[in-house]
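J.: Here it is: the structure, laid out below.
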Amino acid sequence: METVRVDFDDLIARLDLGTKIRLLTGADMWSLPPIPEIGLDRIVMSDGPIGVRGEQWSSADPSIALPSPTALAATWDRDLIRSAGSLLGQEARRKGVHVLLAPTLNLHRSPLGGRHFECFSEDPYLTAELGAAYVDAVQSCGVAATPKHFVANDFETDRFTVDVQVSEKTLREVYLRPFEQVAGRAWALMTAYNGVNGTTMTEHAGLVHGVLKGEWEYDGCVVSDWTAVRSTEAAAMGGTDVAMPGPHGPWGGKLEAAVREGRVPESVVDDRVRRILRLAERVGALRVPGSPPAAPVDREFVDGPALVHEVAARSFTLLTNDGVLPFRGAPTIALIGAAASEARVMGGGSAQVYPDRIVSPLEGLRERAEVRYALGHDPRIRLAPIASPARARFLDEDGGVLAEHPLPASEARWIGQLPSGVDGDRLQAVRLLTTYTPGVSGEHELSVAGVGSFTLTVNGATVFDEVIDLPDGDPAAFLSPPERRVTVPMTAGETYELAVTHPVGAFKGMALVSFTLGHADPNPGEEALMAEAVRVAAECDVAVVVAGTTMEVESEGFDRTGLGLPGRQDELIRAVAAANPRTVVVVNAGSPVEMPWIDEVAAVLLVWFPGQEAGTALADVLFGDAEPGGRLPTTWPRRLEHCPVVNVTPVDGAVPYEEEEFIGYRAWLRSGTEPAFWFGHGLGYTTWSYDSITAGGGAVTVAVTNTGDRPGREVVQFYLADGADRRLVGFDVVEAGPGETVVTTVFPPERSFQVWEGRWRTVEGEHTIVAGPNVADPRLSVTMKI
Ligand code: BGC
């Protein structure tokens, strides 16, 4: 089909100032307003990065859930990330989304960063390469990717106001590098909440106009983080093109007045409109008035669950193994831990999506083996929602039913938009209704988690009627709100009618409904649970403990305060390992945790936040049908106090990046402290020899041989070595059968040999390149002349 180039100037000339300015602020939580006169459709945005949530923040609109970005990065595989990106593009098209708000390209500066799980790596080059693959793949589906958050949003504490103080050299060589790599390709980009060197990022003319749009010639659309635009002129002049969400905000009439009074040139507004029109054209939302919407891009269908399963297995990172894995024969398995029956498959905050199914480790392993499950200990602070189908009833002021919607579980959440058919002006209350039939008699716990007023009834009798206040701090707390509990006697086999009623008042354009009805069976007591797990472990051939972080630990809106596993999980692991020497610990966390028991267990498999197919992928890897393909994209410390960078708490409103470019493995190498596991580490089920290395013509070539007795996959890593300092300059995933030798060639990028001195200077001369299976295990070395 012939593409007709749209004359943006002509379209802009047809719009009056008010219309142009209206286009620069969201029409609602997730979209830009349509302008039918010029053929511009509504442009719809949605969060990623692990799925496409769509316009509803609700399980009523399910999405495929991939593993979280630390897991994606652990594959080190650009092709696999491209497949994941294509799946996301497909999901976006299915949901009518034009702009995916992802990938997150901030760095793992400190393991305390609350959104660590949502970023790829501590290494700027690995982040840049995987980010570029992600962006290309999403956009090949005709959907814009939006790398975020530009720039230095590497922690959460006081994120709206904090000023990051960072040298130009560090910015250029480290934090800007992933953004530089995607600037030539991403159709949209998001500015961060924080400030950098005294200026908040939505107003940062130096970085947005100067570097991004100027030096890097970025022609895409710069979208603010949600509510990050807080000024009229400064943000308008600072380079942010679109203020999200809307329709209210600091632009609108105030910006129109600023233009009319000559404080903001109209050309500034026109440039923003041009960028929005270019974005619209790229995503098929701009067409000749009256013509039908663009036909979907013709692409091969991606089987979502199958791909999620593959990516999960490829990301699982085997940290230690005394030979217990893969399991041989048909062992009986003692499966232990709260996360074994309800795995945490994603981190919290805006990265959340609602998959229509989640395969738990318990379900996955039961398909394969005789499994005996014991809870052992539950570290979660909040009770889990009741997993059976529920209904949400939307009521007007007389109690009349405006609409009713089915829910897969007892979790009610609509942020930004109410479900279709619900009139926000008439809505007075949301009622969640479900039934529960206990399997055991006794004192059951019920909980309400939410903000506002709630009444909980059981068979019509009120058991809870209170107002729950929002704790101070970040509004992201709405996504993991405070919880209150009540104890209710219940009899096994009887069915109970449960209802939570939540008055919401009238919405001013933006819905905010977020509450959960939780439940827990009668608790026999902490010690009894632990003892039962130990007994089950002793009676089985192997024990698998699934241990991990909770929503109170890894989520948007706050940073972590420690790296210990929450609750008594360390104690549980030690007790189980003492009862069964064949104990495998499965770590279910998106970012580093301390593992003080590491030398007492037979194997440790890190499964990250594994996405919706957690259990099937786990069974494959434990039984050896798939190799654990992951390699750490970030150095894992033994203890928090060993970490080179821990300052994520502003002092006088600022966080100085005093460590400069030394984050991650570069800082560890410099400090001389041994971490628990180095960047790049991960075991497979076979072994490799590194045979030879050559350099020439800008390329480095390595030959490796699979010296084990089964096929395997190796991530060959190339580092620029300068004394004790190392920098990743190339990597490749190779596969080989037993005894087979494979050769891989990489081309280290020019940037890797450059330093920032007010401009890029290439360090000419002889450079040493080492190759190996992780940053601290150089197996081969060669000299390269630049
Ligand atoms: C997050 C962004 C996200 C946006 C919309 C913000 O709080 O920082 O990453 O895209 O919300 O949900």
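The values are calculated or read from the model by the stated rules, or taken from the named source; none is laboratory data. This is a predicted model, so every value here is computed, not measured. Because the Cβ atoms are built from the backbone with ideal geometry, glycine has one as well, and the counts that use them run over all protein chains shown. Just so you know, the surface numbers come from the protein's heavy atoms only, side chains and all, with ligands and any DNA or RNA stripped out. Shrake-Rupley method; radii C 1.70, N 1.55, O 1.52, S 1.80 Å.
J.: Going through region 259-311 one residue at a time, which ones are loosely packed, with under 11 Cβ neighbours inside 10 Å, more than 34 Å from the chain's Cα centre (by Cα) and under 26 Å from residue 41 (Cβ atoms)?
T.: Once the filter is applied, which keeps residues that are loosely packed, with under 11 Cβ neighbours inside 10 Å, more than 34 Å from the chain's Cα centre (by Cα) and under 26 Å from residue 41 (Cβ atoms), region 259-311 yields 267, 288, 289, 290, 291, 292.
Yes/no matrix, rows are residues, columns are (1) open to solvent by 10 Å² or more (accessible area, probe 1.4 Å); (2) touching a Lys or Arg at 6+ places or on another chain (Cβ under 9 Å); (3) within 13 Å of the ligand (Cβ to nearest atom); (4) under 17 Å from residue 188 (Cα atoms):
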position: 100; (1), (2), (3), (4): no, no, yes, yes
position: 106; (1), (2), (3), (4): no, yes, yes, yes
position: 140; (1), (2), (3), (4): yes, yes, no, yes
position: 143; (1), (2), (3), (4): no, yes, no, yes
position: 155; (1), (2), (3), (4): no, yes, yes, no
position: 158; (1), (2), (3), (4): yes, no, no, no
position: 165; (1), (2), (3), (4): yes, no, no, no
position: 168; (1), (2), (3), (4): yes, no, no, no
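J.: Look through 755, 782 and report the one residue that is in contact with a helix residue (DSSP H, G or I) (Cβ under 9 Å, 6 or more places away or on another chain), among the aliphatic types (A, V, I, L, M) and part of a strand (DSSP E or B).
T.: 755
J.: Scan region 133-164 for residues that are in a loop (DSSP other than H, G, I, E, B), among the β-branched types (Val, Ile, Thr) and in contact with a Gly (Cβ under 9 Å, 6 or more places away or on another chain) and jot them down.
T.: 143, 146, 157, 161, 162
J.: If you go through region 479-497 one residue at a time, do you hit one that is surrounded by 18 or more Cβ atoms within 10 Å (Cβ to Cβ), touching a residue at least 24 places away in the same chain (Cβ under 8 Å) and over 30 Å from residue 572 (Cβ atoms)?
T.: For region 479-497, residues surrounded by 18 or more Cβ atoms within 10 Å (Cβ to Cβ), touching a residue at least 24 places away in the same chain (Cβ under 8 Å) and over 30 Å from residue 572 (Cβ atoms): absent.
J.: For region 333-366, which positions are open to solvent by 30 Å² or more (accessible area, probe 1.4 Å) and either in contact with a Cys (Cβ under 6 Å, 6 or more places away or on another chain) or among the charged types (D, E, K, R) (or both)?
T.: 342, 344, 356, 357, 363, 366
J.: Could you tell me which numbered condition residue 249 fails, if it satisfies all but one of (1) open to solvent by 30 Å² or more (accessible area, probe 1.4 Å); (2) at pLDDT 95 or above; (3) in a loop (DSSP other than H, G, I, E, B)?
T.: For residue 249, the failing item is (2).
J.: Quick check on residue 737: is it at pLDDT below 95 and surrounded by fewer than 18 Cβ atoms within 10 Å (Cβ to Cβ)?
T.: no
J.: Out of region 89-132, which residues are closer than 23 Å to residue 720 by Cα, touching a helix residue (DSSP H, G or I) at 6+ places or on another chain (Cβ under 7 Å) and part of a loop (DSSP other than H, G, I, E, B)?
T.: Within region 89-132, 105, 107, 108, 120, 121, 122, 123 meet the criteria.
J.: Another question about this same structure. Within region 173-186, is even one residue under 17 Å from residue 663 (Cβ atoms) and free of Cβ contacts under 8 Å to residues at least 40 places away in the same chain?
T.: So far as region 173-186 goes, yes, one or more of its residues are under 17 Å from residue 663 (Cβ atoms) and free of Cβ contacts under 8 Å to residues at least 40 places away in the same chain.
This table checks each residue for (1) open to solvent by less than 10 Å² (accessible area, probe 1.4 Å); (2) modelled with pLDDT under 95; (3) not assigned by TED's automatic domain parsing to the domain that holds residue 485; (4) not aromatic (Phe, Trp, Tyr).
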{"residue": "369", "(1), (2), (3), (4)": "no, no, yes, yes"}
{"residue": "403", "(1), (2), (3), (4)": "no, yes, no, yes"}
{"residue": "419", "(1), (2), (3), (4)": "yes, yes, no, yes"}
{"residue": "422", "(1), (2), (3), (4)": "no, yes, no, yes"}
{"residue": "431", "(1), (2), (3), (4)": "no, no, no, yes"}
{"residue": "451", "(1), (2), (3), (4)": "no, yes, no, yes"}
{"residue": "458", "(1), (2), (3), (4)": "no, no, no, yes"}
{"residue": "463", "(1), (2), (3), (4)": "no, no, no, yes"}
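J.: Condition check: within 16 Å of the ligand (Cβ to nearest atom) and among the aliphatic types (A, V, I, L, M). Does residue 237 satisfy that?
T.: For residue 237, the condition - within 16 Å of the ligand (Cβ to nearest atom) and among the aliphatic types (A, V, I, L, M) - is not met.
J.: Separate question: Look through region 27-45, keep the residues that are among the aliphatic types (A, V, I, L, M) and in a strand (DSSP E or B), and return whichever of them is farthest from the chain's Cα centre (by Cα).
T.: 35
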